[in-house]
1. What pairs can you find where one residue is in region B:78-97 and in a loop (DSSP other than H, G, I, E, B), the other is among the basic types (Lys, Arg) and surrounded by fewer than 15 Cβ atoms within 10 Å (Cβ to Cβ), and their Cβ atoms are less than 6 Å apart, with a gap of 6+ or different chains?
2. Only one of (1) surrounded by fewer than 15 Cβ atoms within 10 Å (Cβ to Cβ); (2) at pLDDT below 80 is not met by B:ASP115, so which one is it?
3. Counting only residues that are facing chain B (nearest Cβ under 8 Å), at pLDDT 90 or above and within 30 Å of B:GLN32 (Cα to Cα), how many does region A:1-50 have?
4. Can you say whether B:ARG72 is more than 21 Å from the chain's Cα centre (by Cα), over 30 Å from A:MET33 (Cα atoms), away from chain A (no Cβ under 12 Å) and touching a residue at least 40 places away in the same chain (Cβ under 8 Å), as far as the supplied structure shows?
5. On the basis of being on the phi < 0 side of the Ramachandran plot, more than 8 Å from chain A (Cβ to nearest Cβ), surrounded by 13 or more Cβ atoms within 10 Å (Cβ to Cβ) and among the hydrophobic types (A, V, I, L, M, F, W, C), does B:ALA108 make the cut?
6. For region A:101-119: of the residues being part of a strand (DSSP E or B) and within 11 Å of chain B (Cβ to nearest Cβ), which is farthest from B:ALA109 (Cα to Cα)?
7. Give the residues of region B:38-67 that are surrounded by 11 or more Cβ atoms within 10 Å (Cβ to Cβ), more than 21 Å from B:ASP86 (Cβ to Cβ) and of a type in the set (Gly, Ala, Ser), sorted by residue number.
8. Hey, does region A:50-61 have a residue that's within 24 Å of B:ALA109 (Cα to Cα) and not in a strand (DSSP E or B)?
Amino acid sequence: MEKRREAMQVALERRIPAPPAKIWSLLASADGMKHWLGPTIYEPRLGGAITFDVQEGERRFHMFGEVTRFEPEVALHFTWTEHEAGDEPWPTPTEVQISLQADGEGTLVRLVHTGFEQLPAEIAQQEFEGYQAGWGRRDVLAALAALLEQG
Amino acid sequence: MSIAAGPRTSALFDALADPTRRRILDLLRRHQPLRAGEIAARFPSRSRPGISRHLRVLRRAAMVRLVASSDRRERRYEINPAPLQDLDGWLDRYRSFWEGKLDALEQAAAAGEPDQGGQKSKYPAKP
């Protein structure tokens with residue numbers, strides 16, 4: 001719990017052994033994005049659209065957003081609004097911020113998905129409870145697996 | 001999980017929706033436990049009753065709790081970690097989603113997937 005929580009966010013950082021130019025060409029080109037994000041509709045420019053579908057267990061949702069920063073070999077930001085089948089889309093977007101920094105022969109890739117605290121309380125609550133319901137099911141399965149192991 | 005769905009979850013998100021309350025949580029995380037007066041002193045631009053109101057909202061959401069000092073002469077606020085840990089669990093969905101995507105990015109970089117400018121070198125022109 002040492003993390004700051006001025007904003008609710010997910011932050012990841014990793015070093016990839018390839019130069020920023022190489023990473024950028026994969027990260028932020030329409031062709032490259034298919035290699036890591038999956039099938040995507042994406043316009044590689046500031047203000048461009050980005051959409052893709054996410055399958056997560058039984059949940060299936062559509063993500064759409066807009067490129068808010070496009071700075072070659074430095075940073076790609078885009079908004080992230082979820083639209084789950086049968087539901088209204090989030091009324092407020094979150095934002096994904098990916099930045100690159102040369103690190104020797106490699107690149108430090110930092111990804112921050114931020115702004116979850118901006119979701120209206122009722123949406124966040126719905127999402128959170130959906131997550132808890134899913135978690136509950138996993139707990140049951142884990143408990144079952146543990147029992148079987150003991151048996 | 002420790003949070004019941006329903007009103008309490010709603011209180012949790014209402015509590016987090018306000019930037020002053022998030023700053024109070026952040027302050028407590030670093031300096032707890034603190035008396036109400038000590039918390040208010042960190043927000044000179046806010047009225048004392050205003051800060052009290054925020055503390056009440058945080059308490060109702062079970063994000064902070066009041067603990068009595070050992071001599072029972074004063075009560076101080078500290079963070080109740082459970083709701084925030086549950087929230088971390090929620091965000092873990094996104095964390096693992098992005099971990100997977102960064103794995104894929106790393107693999108693509110290692111596999112030498114053609115970049116836009118590199119397409120030509122993969123299909124060299126015949127002499």
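The values are calculated or read from the model by the stated rules, or taken from the named source; none is laboratory data. The model shown is predicted, which means the values in this text are computed figures rather than measured ones. Cβ sites come from the backbone with ideal geometry, for glycine too, and all protein chains shown count toward neighbours.
1. Listed pairs, sorted by first residue: B:ASN80/B:ARG65.
2. Against the list (1) surrounded by fewer than 15 Cβ atoms within 10 Å (Cβ to Cβ); (2) at pLDDT below 80, B:ASP115 comes up short only on (1).
3. 1
4. no
5. Criteria not met by B:ALA108.
6. A:THR114
7. Across region B:38-67, the qualifying residues are B:ALA40, B:ALA41, B:GLY50, B:SER52.
8. No; the residues of region A:50-61 include none that is within 24 Å of B:ALA109 (Cα to Cα) and not in a strand (DSSP E or B).
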